[in-house]
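Have a look at the structure below before the remarks.
The values are calculated or read from the model by the stated rules, or taken from the named source; none is laboratory data. These numbers come from a predicted model, not from an experiment. Because the Cβ atoms are built from the backbone with ideal geometry, glycine has one as well, and the counts that use them run over all protein chains shown. For the accessible areas, the whole protein counts, side chains as well, though only heavy atoms, and no ligand, DNA or RNA atoms are used. Shrake-Rupley method; radii C 1.70, N 1.55, O 1.52, S 1.80 Å.
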Amino acid sequence: MTHDHDLVLRPTPAQTEAALNPPPGRTGGDLVVESLAALGATTVFGLPGQHALAVFDALGRSDLRCIGLRVENNAGFAADAYGRITGEAAPLLLSTGPGALTSLAALQEARAASAPVLAISSQVPAAGLGGGRHGYLHELPDQAASFRGVVKSVHTVRSQSQIPSAIAEAWTSALTVPHGPVWVEIPQDVLVAETSIPVVTGGDTFPEELPPRPELTAVAADLLARAERPAIVAGGGVVRADASKKLRQLAERLQAPVVTTFGGKGAFPWTHPLSLQSWLEDRHTTDFLEDADVLLVIGSGLGELSSNYHTFRPRGRVIQIEADLGKLESNHPALGIHADARLALQALLETVGERTDPAAPERVREVLDKVRERVAAQELTLEQDVLAAVRTALPPRAPSFWDMTVLAYWAWSAFDAKAPGTMHSAQGAGGLGYAFPAALGAAVADPTHPVLAVSGDGGALYSVAELATARQYDLNVTWLIVDDGGYGILRQYMTDAYGRPTATDLPGPDFVALAESFGVPGVRTSPDALEADLAEALAAPGPAVVVLPAVLRMFAPTHLGSH
């Protein structure tokens, strides 16, 4: 009897010839590039540094496309978006010490958002590994220690023969559910030395699937079938698993209202009769979810932003489906099912029968009416008009990337993403500077749609250097910068909490003139002209900047009162 694991892949004649007669002059850097190509990579992001030059030299002799950004953190954000859009592991090439460390905030966002990023960094020469203090340039006592608490896995290479397997192992880790960033580091002397190792030609990896335990889905199906007031919270795991259609099927079969988290935008149709949309920061939504006798949470850990800042107190039975084991029951007791969202939803669809509840759409409308009435009473028409203008100007299938800024906070709750996987923000880790470089990565991944980036003026200055990248590669990204003269949301938070703001008012540049200095067309718009100006910029090929001078306010929070 033959088992799959008994099968041996035999080399082709061309592979045998390449193995026996490798081309001269190859280095450890070639092994890195060959390993990536063998795994199916076509594009890499990053920027060179002294210790990583052998990798970039090999890259220049390869068929891989290199997108060079100006700052390592921005390169990480671009790789993050590429991974989100394609579902592939996005290679990020970095250099030792300062270059590597500069990427940490981007890798934290990728980890929080489960974006598959394969970070490959150089290291000091092998003699400096393990804390040997030789005074090498960029030397750290333990560079990998800076990444262990951020990425999914760390892989340190010590010899050339380890390079192909280490990269393949990291690639598999990045693409194993839940996806995430991984870290590979290779000493400079290993990279620069010539190699006699054959050309890397085999690199197939097979990330394991994560199916649910059948005894758990049987219990979950029984609870849902007998529920009187079921409801569903759909998180980012639904989008990442490409499970939106299965979610809709299950919700309709159960007649269960669905609210999507900010990371799960687009997982459920916005205008569906069962859609509670994304008003998770509204107490009316929180009350509705608390009243559910069975609450199905799919692909969410019910963290701070998904639980109305931990004021959510479910009274019914919670079923939580989550691929990240550490998030399972981390905030609320539940029937915890450790599984990929798509596989778990399929298991439930195979088990759960039809449930009738003609009153469910009416209960959804009542909640949304209460939400609208609360917001309408706050006289925030400017903010709603600006968001509506953005939605109208943006083509339905075009992806958008949002920085940590007031308009993005509105979008989390009030923006119709139109389709799963089209709206992305930095709400995973919450750092500034995400939107524009991430949008560049998305434009590289899929040049068939225009891409929108939305930033405040404070966040824009984190990534303004990448205007040069946008122009260099002629990427089809329109950058909307809402200029309120500083860190607008922090200004509001400080004023509300302490009576006055400190260090939040920041004089900034003329963003239109700055964009034009990079050769990127810019326009200064107004709330009334925003829709037309943004639509024109999105329709034109190549990069563009649209600047909206405006001070926007947030709707009143509902988590600060007594409940």
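Here is how the numbers come out for the structure above:
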{"quantity": "Residue identified as touching a helix residue (DSSP H, G or I) at 6+ places or on another chain (Cβ under 8 Å) and either at negative phi or at pLDDT below 95 (or both) among Gly499, Gly522", "calculated": "Gly522"}
{"quantity": "Subset of the range 510-531 [touching a residue at least 40 places away in the same chain (Cβ under 8 Å) and open to solvent by 20 Å² or more (accessible area, probe 1.4 Å)]", "calculated": "Leu514, Phe518, Gly519, Pro527, Glu531"}
{"quantity": "Residue within the range 493-506 that is closer than 22 Å to Ala537 by Cβ, touching a residue at least 40 places away in the same chain (Cβ under 8 Å) and not in a helix (DSSP H, G or I) present", "calculated": "no"}
{"quantity": "One residue from Val182, Val190 being modelled with pLDDT of 95 or more, within 23 Å of the chain's Cα centre (by Cα) and within 30 Å of Gln50 (Cβ to Cβ)", "calculated": "Val182"}
{"quantity": "Residue under evaluation Glu215, criteria (1) of a type outside the set (Ser, Thr, Tyr); (2) open to solvent by less than 50 Å² (accessible area, probe 1.4 Å); (3) over 22 Å from the mean Cα position of the chain (by Cα), criterion not met", "calculated": "(2)"}
{"quantity": "Residue that is least open to solvent (accessible area, probe 1.4 Å), among those in the range 339-387 that are hydroxyl-bearing (Ser, Thr, Tyr) and not in a helix (DSSP H, G or I)", "calculated": "Thr351"}
{"quantity": "Matching residues, the range 105-138, being out of contact with any strand residue (DSSP E or B) (no Cβ under 9 Å at 6 or more places or on another chain) and surrounded by fewer than 18 Cβ atoms within 10 Å (Cβ to Cβ)", "calculated": "Gly130, Gly131, Gly132, Arg133, His134, Gly135, Leu137"}
{"quantity": "Filter result for the condition that a residue is of a type outside the set (S, T, N, Q), over 19 Å from Asp242 (Cβ atoms), touching an Asp or Glu at 6+ places or on another chain (Cβ under 7 Å) and not in a strand (DSSP E or B), over Val177, Val190, Val219, Val200", "calculated": "Val200"}
{"quantity": "Count - residues of the range 139-190 that are among the β-branched types (Val, Ile, Thr) and touching a Gly at 6+ places or on another chain (Cβ under 9 Å)", "calculated": "7"}
{"quantity": "Breaking point among (1) open to solvent by 60 Å² or more (accessible area, probe 1.4 Å); (2) in contact with a strand residue (DSSP E or B) (Cβ under 6 Å, 6 or more places away or on another chain); (3) part of a helix (DSSP H, G or I); (4) not aliphatic (A, V, I, L, M), for Phe147", "calculated": "(1)"}
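Residue-by-condition table, conditions (1) over 27 Å from Pro273 (Cβ atoms); (2) more than 29 Å from the chain's Cα centre (by Cα); (3) not charged (D, E, K, R):
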position: Asp293; (1), (2), (3): no, yes, no
position: Val297; (1), (2), (3): no, no, yes
position: Thr311; (1), (2), (3): yes, no, yes
position: Leu325; (1), (2), (3): yes, no, yes
position: Ala344; (1), (2), (3): no, no, yes
position: Leu349; (1), (2), (3): no, no, yes
position: Arg355; (1), (2), (3): no, yes, no
position: Arg363; (1), (2), (3): no, yes, no
position: Val386; (1), (2), (3): yes, no, yes
